[in-house]
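Comments concern the structure below.
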Amino acid sequence: MNKSDLRNAATVVLLRDRETTPKILMGQRGAKAAFMPNKFVFPGGALDKTDADVPLARVLQPQCMERLRMDADPRLAEPLILAAIREVWEETGLLLGEASDKAAAMADKVPADWRNFFAHGVLPSGAGMRFVFRAVTPPGRPRRFDARFFVVDADRVVSHLDDFSEACEELSHLQWIPLAEARGFDLPFITEVVLAEIEVDLKYPERNARVPYFYNDEGRSNFRRL
């Protein structure tokens, strides 16, 4: 695959202290990164082929699953959820899922990228996750992604929320940023759009808005809701 080919991807907005002072987990990409260098971003990345070979304890609620399958290969829905969980694990060292006595025994049966996750006694789970945003990187960029954004409360994490010791080095300066202060950081434009959507959701939790979808078609930027 050419590096500029469009790749399916998943990004996770971990939300902490929703009812008091909401915070989100972000980290900074390296200065030499080909995609969004120096920017503060949510954990996320491309779908791996092996994500389809991993058992998922729970999917999203039915409406979210329906929207996740829209305008896409419906077989990608569960692997995208797994990609989101795997990226959180790799980039932050946090375990998003359900503690299970069965998990460790499965560690030698899952793909290599997942073995340490299962070895911690955790099954990946989409419980509590919501599909809230989708955006396609415009043509002409060095990396292009069809990215799905998920929001999940931090209480779905089964490891210590401030322990990033098992994170890879892809993101530096990992930190819980108060939502009200996030725009003071160097953010990609699409991240600012996602933050605005989350702020509205927090203010009106019952609105159940359809999922914003930004994409390009015939050389033009387009927007609609799924």
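Of note:
- By the count of neighbouring beta-carbon atoms within 10 Å, fewest first, W176, W89 end up ordered W176, W89.
- Per-residue ellipticity at 222 nm from helix content only, as computed over the chain with -39500 (n - 2.57) for each DSSP H run of at least four residues, stands at -6000 deg cm²/dmol.
- Within segment 1-127: Cβ-based charge dipole about Cα centre, in debye rounded to nearest 20 (Lys, Arg +1; Asp, Glu -1): 320 debye
- Segment 6-85 shape via C-alpha gyration tensor axes, a/c threshold 1.5: oblate
- Candidates V132, G45, N116 compared by Cα position along the dipole of segment 6-225: farthest toward the positive end lies V132, with charges placed on Cβ.
- Per-residue Karplus couplings for segment 127-144, computed as 6.51 cos²θ - 1.76 cosθ + 1.60 with θ equal to phi - 60°, are listed in order as 4, x, 7, 10, 7, 10, 6, 9, 8, 9, 4, x, x, x, 8, x, 10, 10 Hz, Gly and Pro entered as x.
- Close amide H partners of F133, meaning residues 5 or more places away or on another chain with modelled amide H under 5 Å apart, are F149.
- Set against the labelled values (1) 19.0, 58; (2) 16.7, 51; (3) 21.4, 62, Rg and Dmax of the Cα atoms in Å computed from this structure falls on (2).
- When only alpha carbons are used to place a centre, segment 100-166 and segment 186-225 end up 21 Å from one another.
- Cα gyration tensor shape of segment 141-226, rounded if a/c is under 1.5, else prolate or oblate by comparing a/b with b/c: oblate
- Our coupling estimate for segment 77-90, obtained by passing each phi through the Karplus curve with A = 6.51, B = -1.76, C = 1.60 and θ = phi - 60°, is 4, 5, x, 5, 5, 5, 4, 4, 5, 5, 5, 4, 4, 5 Hz, Gly and Pro reported as x.
- Candidates L60, L202, L161, ranked by Gaussian network fluctuation over the chain, Cα under 10 Å, top entry: L202
- Scanning the chain for trypsin sites (Lys or Arg not before Pro) in DSSP loops with at most 10 neighbouring Cβ atoms within 10 Å leaves 33-206 as the longest stretch between them.
- Phi to ³J(HN,Hα) by Karplus 6.51 cos²θ - 1.76 cosθ + 1.60 over segment 24-29, Hz, x for Gly, Pro: 10, 8, 9, x, 9, 6
- Basic side chains Lys and Arg get +1 at the Cβ, acidic Asp and Glu get -1 at the Cβ, and with that the dipole of segment 73-216 about its Cα centre reaches some 660 debye.
Throughout, read-outs are computed from the coordinates displayed, never taken from laboratory work. Keep in mind that this is a model prediction, so the values were computed, not measured. Here the Cβ is made from the backbone with ideal geometry for all residues, glycine too, and neighbour counts use every protein chain on show.
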